[in-house]
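Undergrad: One structure follows; several queries about it will come next.
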Amino acid sequence: MRILVCLKQVPQKDAPLKLNDAGTWIREDITYEVNEPDAFALETALRQKEKHTGEVVVITAGPTRASQVLREALAKGADRAIHLEDDAFVGLDAYNTARAIAAAIKDEKFDLIFTGLQSDDYGYAQTGVILAEILGLPHATIIMQIEKNDDGIRVKRELEAGFFQYVDMPLPAVLTIQSGIDKLRYATLIGIKQAKNKPMRKVTMAEVQSAVGANLQKIEKLYLPQKSKNTEFLEGPPAEVAKKLVEKLKNELRVI
Amino acid sequence: MAETILVIVEQREGKLNRVSWETITAGQAIAAQTGWTLDAAVVGSGVASVASEVAAKKVAKVYAVESARLEPYTPDAFAHGLQEFLGKHPAKLVLMPHTYQVRDFVPKLATALQTTAISDVIGYKYEGGNLLFTRQMFQGKFVADVSFAGSGPCFVTFQNGSFRADKVEAGAAAAPVETVNVDIPDGVVRNHPQEVFKEAKQAVDLTQAEIIVSVGRGIKEEKNIVLAKQLADALGGELAASRPICDNGWLPMDRQVGSSGQTVAPKLYLALGISGAIQHLVGMKGSRSIVAINKDSEAPIFEIADVAVVGNLFDIVPPLIEEVKKAKG
């Protein structure tokens, strides 16, 4: 199986985010990490390769810093990487990101393409499905399990409220992967060493520019959410806070 | 010419998904402000009764978009059928609830029409003749006003709970229902979905709990779960968790609150070390009172909390258990 995994670098979960001066994006002087569902997409791809042999290729679109998520993936066992490298990729909407990825892999053939089910920054939950449509491939979303069979694959989709569904589909296909599908591995020391010699292909914006159009949706303004509730903050040493809180639970919220 | 707003309601096995009323409420509000026409559509096979249910609301017209190939649901059939429908009945704005099903086909449909979907929207603004849609970013830490730049249609999906289902306006008379048969040829549908099922019988019905103590990543290790359990026991409540805790196997899946777990609205929801990702908030924001304890003062959970404690839960929960026990005598 030849599997492409789309990875995205996003702000680290507890990184303190601040608005830029223009109020259109965050200040970028923070730490980043791989988008969580994408890490599970990679893990699943590596397990499929271990089972069926083949190749795992990782791809990302982002500035120079984003190569970190590719290096980590190579250290965990991916075979090669593709980096669409330009600051401008950060600002693309899901449609254009998918078009750029499709252009970058136009000479490749994959049996499966994985993305995480959504990103922690924009949260569109769209890039994988759009990529499938551009490439003319079938897709399934929010996948919890993948079994290869003679005709293709059987995947387990997560539905809402605790429901699931198996779907049989042909290959090649695009799947968006849910967090928690498998236990994540760590990179080994040997893996980290080997990663240095694995190929990383750089793709410039100029190379895919003709595939990319103007964004069809535009962020006019980014701002802090307006509070809909009057939140009361309890302060003081823990024992005192505990006391105040219980008083509230008893006298105001009346749950004790 | 007045533009058209189309709400595509969601049905499963001939039953309307109630979240669709929220989308119709949103459509009615936008229609009232813009003066545009509001239509609705139901997609499936044998959906006439759902269509007439929707026709009782204040909408100009309801379309029953029909094909035997639309049942069971597949993204291929839905995208194909709706592309054909929208070709015959163009709309400027197409509104849907942000359900797992909609997420599965809308990006495909929008791409096939060379347009875009503004997803997981929580509100809108109509300023100087322009519509802006508000959506959360960075897991709810920020919100963005987003404009649409294409030539249409613009797809918008609304997050659960963003509009009130009980505010949907009834019509003066039933709206006309028109059946539109769409042609989905052989070979369009590539996926073969099997029956929908539940993993195991749910042992815990969190929806009935009056008090819920819920844990998130802030609990750090499996062995610390017992601390939350002690607090839940002292309060006489149920123990619940956000997704990562259940993914780790620290608590069973049937204790998960959020879009992929249970939706709860207890009298008290006490969130321990839960940052408040959107997927979690949609499952509990209807709680009567929300108390949050988290070390990160900027955690989105505090946006919806009634009572907030910024601090280390391991410092606060032990004395809290003691105080609860004292208060209960």
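Undergrad: Which of the following residues is under 30 Å from A:Lys106 (Cα atoms), under 23 Å from the mean Cα position of the chain (by Cα) and either loosely packed, with under 15 Cβ neighbours inside 10 Å or at the interface with chain B (Cβ under 7 Å from one of its Cβ atoms) (or both): A:Pro199, A:Pro172?
TA: Numbers: A:Pro172 fails: either loosely packed, with under 15 Cβ neighbours inside 10 Å or at the interface with chain B (Cβ under 7 Å from one of its Cβ atoms) (or both).
One residue alone meets the criteria, A:Pro199.
Undergrad: So which residues in the range B:292-313 are within 7 Å of another protein chain (Cβ to nearest Cβ) and of a type in the set (Val, Ile, Thr), if there are any at all?
TA: B:Ile304, B:Val307, B:Val309, B:Val310, listed by residue number.
Undergrad: Does the range A:111-132 hold any residues that are surrounded by fewer than 23 Cβ atoms within 10 Å (Cβ to Cβ) and over 16 Å from A:Asp38 (Cβ atoms), and which are they?
TA: If the condition is that a residue be surrounded by fewer than 23 Cβ atoms within 10 Å (Cβ to Cβ) and over 16 Å from A:Asp38 (Cβ atoms), then A:Asp111 is the only one that fits.
Undergrad: Among the residues that make up the range A:207-230, is at least one of them touching a His at 6+ places or on another chain (Cβ under 6 Å) and of a type in the set (Lys, Arg)? Don't jump to the end; show me each part of the working.
TA: First, the residues of the range A:207-230 that are touching a His at 6+ places or on another chain (Cβ under 6 Å): none.
No, the conditions are met nowhere in the range A:207-230.
Undergrad: Against the conditions (1) at pLDDT below 95; (2) within 8 Å of chain A (Cβ to nearest Cβ), where does B:Gly286 fall short? Just the number, please.
TA: (2)
Undergrad: For the range A:133-141, state whether one or more residues are more than 8 Å from every other protein chain (Cβ to nearest Cβ), under 30 Å from A:Lys202 (Cβ atoms), in contact with a Pro (Cβ under 6 Å, 6 or more places away or on another chain) and at pLDDT 95 or above. Walk me through how you get there before you give the answer.
TA: At the first step, the residues of the range A:133-141 found to be more than 8 Å from every other protein chain (Cβ to nearest Cβ) are A:135-137.
After this cut, where a residue has to be under 30 Å from A:Lys202 (Cβ atoms) as well, the list is A:135-137.
Filter once more, keeping what is in contact with a Pro (Cβ under 6 Å, 6 or more places away or on another chain): A:137.
Remaining after also requiring at pLDDT 95 or above: A:137.
Yes, some residue in the range A:133-141 is more than 8 Å from every other protein chain (Cβ to nearest Cβ), under 30 Å from A:Lys202 (Cβ atoms), in contact with a Pro (Cβ under 6 Å, 6 or more places away or on another chain) and at pLDDT 95 or above.
Undergrad: So, one more: Starting from residues that are assigned to a strand (DSSP E or B) and among the aliphatic types (A, V, I, L, M), keep the ones in the range B:6-27 and report whichever is farthest from B:Pro72 (Cα to Cα).
TA: B:Leu6
Undergrad: Go through the range A:1-107 and tell me which helices (runs of 4 or more DSSP H), entirely inside it, have 3 or more residues that are within 23 Å of A:Gly191 (Cα to Cα). Spell out how you get there, then give the answer.
TA: Working: elements: A:36-52, A:67-76, A:94-104.
So the answer is A:36-52, A:67-76.
The rows are residues; the columns are (1) of a type in the set (A, V, I, L, M, F, W, C); (2) surrounded by fewer than 24 Cβ atoms within 10 Å (Cβ to Cβ); (3) assigned to a helix (DSSP H, G or I).
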residue	(1), (2), (3)
B:Ala29	yes, yes, yes
B:Gln33	no, yes, yes
B:Ala40	yes, no, no
B:Arg69	no, yes, yes
B:Pro72	no, yes, no
B:Asp76	no, yes, yes
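Undergrad: Can you tell me which condition A:Leu245 does not meet? The list is (1) under 27 Å from B:Trp250 (Cβ atoms); (2) surrounded by fewer than 19 Cβ atoms within 10 Å (Cβ to Cβ), and all the others hold.
TA: The failed condition is (2).
Undergrad: Filter the range A:217-245 for residues that are at pLDDT 90 or above and charged (D, E, K, R) and give the result.
TA: A:Lys218, A:Glu220, A:Lys221, A:Glu232, A:Glu235, A:Glu240, A:Lys243, A:Lys244
Undergrad: List pairs: first in the range B:236-249 and free of Cβ contacts under 8 Å to residues at least 24 places away in the same chain, second acidic (Asp, Glu), Cβ under 7 Å, 6+ apart or cross-chain?
TA: From the range B:236-249, no pairs qualify.
Undergrad: Going through the range B:167-203 one residue at a time, which ones are of a type in the set (D, E, K, R) and either without any contact (Cβ under 8 Å) to a residue 12 or more places away in the chain or farther than 30 Å from B:Leu281 by Cα (or both)?
TA: Just the residues of the range B:167-203 that are of a type in the set (D, E, K, R), to begin with: B:167, B:169, B:178, B:183, B:186, B:190, B:195, B:198-199, B:201.
Within the range B:167-203, B:Glu178, B:Asp183, B:Asp186, B:Arg190, B:Glu195, B:Lys198, B:Lys201 meet the criteria.
Undergrad: Select the strands (runs of 3 or more DSSP E) contained entirely in the range B:98-180, then report the ones holding at least 1 residues which are more than 10 Å from every other protein chain (Cβ to nearest Cβ) and within 17 Å of the chain's Cα centre (by Cα). Can you show your working first?
TA: On the way: elements: B:117-127, B:130-137, B:142-148, B:154-158.
Correct list: B:117-127, B:154-158.
Undergrad: Looking at (1) more than 25 Å from A:Leu159 (Cα to Cα); (2) out of contact with any Leu (no Cβ under 9 Å at 6 or more places or on another chain), find the lone condition where B:Leu313 falls short.
TA: Condition not satisfied by B:Leu313: (2).
Undergrad: While we're here: Provide a single number: the residues in the range B:188-219 that are assigned to a loop (DSSP other than H, G, I, E, B) and at pLDDT below 95. Break it down into steps so the answer makes sense when it comes.
TA: To start, the set of residues in the range B:188-219 that are assigned to a loop (DSSP other than H, G, I, E, B) comprises B:188-191, B:199-205, B:209-210, B:216.
Now narrow it down to the ones that are at pLDDT below 95: B:199-205, B:209-210.
The number of residues fulfilling the criteria is 9.
Undergrad: Oh, and also: Can you work out which of the residues in the range A:178-189 that are more than 7 Å from every other protein chain (Cβ to nearest Cβ) and touching an Asp or Glu at 6+ places or on another chain (Cβ under 8 Å) is surrounded by the fewest Cβ atoms within 10 Å (Cβ to Cβ)? Let's see the steps before the verdict.
TA: Kept after step one, since they are more than 7 Å from every other protein chain (Cβ to nearest Cβ), are these residues of the range A:178-189: A:178, A:181-189.
Pick out the ones that are also touching an Asp or Glu at 6+ places or on another chain (Cβ under 8 Å) and you get A:178, A:181-185, A:187.
Details: A:Gln178: 24, A:Ile181: 21, A:Asp182: 14, A:Lys183: 11, A:Leu184: 14, A:Arg185: 14, A:Ala187: 16.
Out of the qualifying residues, it is A:Lys183.
Undergrad: Looking at A:Ala73, A:Ala66, A:Ala45 in this structure, which one is touching a helix residue (DSSP H, G or I) at 6+ places or on another chain (Cβ under 6 Å) and crowded, with 21+ Cβ neighbours inside 10 Å? Steps first, please.
TA: Numbers: A:Ala66 fails: touching a helix residue (DSSP H, G or I) at 6+ places or on another chain (Cβ under 6 Å); A:Ala45 fails: touching a helix residue (DSSP H, G or I) at 6+ places or on another chain (Cβ under 6 Å).
That would be A:Ala73, the only listed residue that is touching a helix residue (DSSP H, G or I) at 6+ places or on another chain (Cβ under 6 Å) and crowded, with 21+ Cβ neighbours inside 10 Å.
Undergrad: Still on this structure: Give the residues of the range A:142-162 that are closer than 18 Å to A:Ile181 by Cα, within 10 Å of chain B (Cβ to nearest Cβ) and either of a type in the set (D, E, K, R) or outside any strand (DSSP E or B) (or both), sorted by residue number.
TA: Residues satisfying the conditions are A:Arg154, A:Lys156, A:Arg157, A:Glu158, A:Leu159, A:Glu160, A:Ala161, A:Gly162.
Undergrad: Just one of the numbered conditions (1) more than 7 Å from chain A (Cβ to nearest Cβ); (2) under 17 Å from the mean Cα position of the chain (by Cα); (3) closer than 19 Å to B:Ile122 by Cα is not true of B:Ser259; which one?
TA: Failing condition for B:Ser259: (1).
Undergrad: So B:Lys267 ticks every box in (1) touching a residue at least 40 places away in the same chain (Cβ under 8 Å); (2) more than 10 Å from chain A (Cβ to nearest Cβ); (3) surrounded by fewer than 21 Cβ atoms within 10 Å (Cβ to Cβ); (4) within 19 Å of B:Leu231 (Cα to Cα) but one. Which box is left unticked?
TA: (2) is the only condition that B:Lys267 fails.
The values are calculated or read from the model by the stated rules, or taken from the named source; none is laboratory data. Here the structure is a predicted model, which is why all the values come from computation and not from measurement. When we count neighbours, we look across all protein chains shown, and the Cβ atoms used for this are built from the backbone with ideal geometry, even at glycine.
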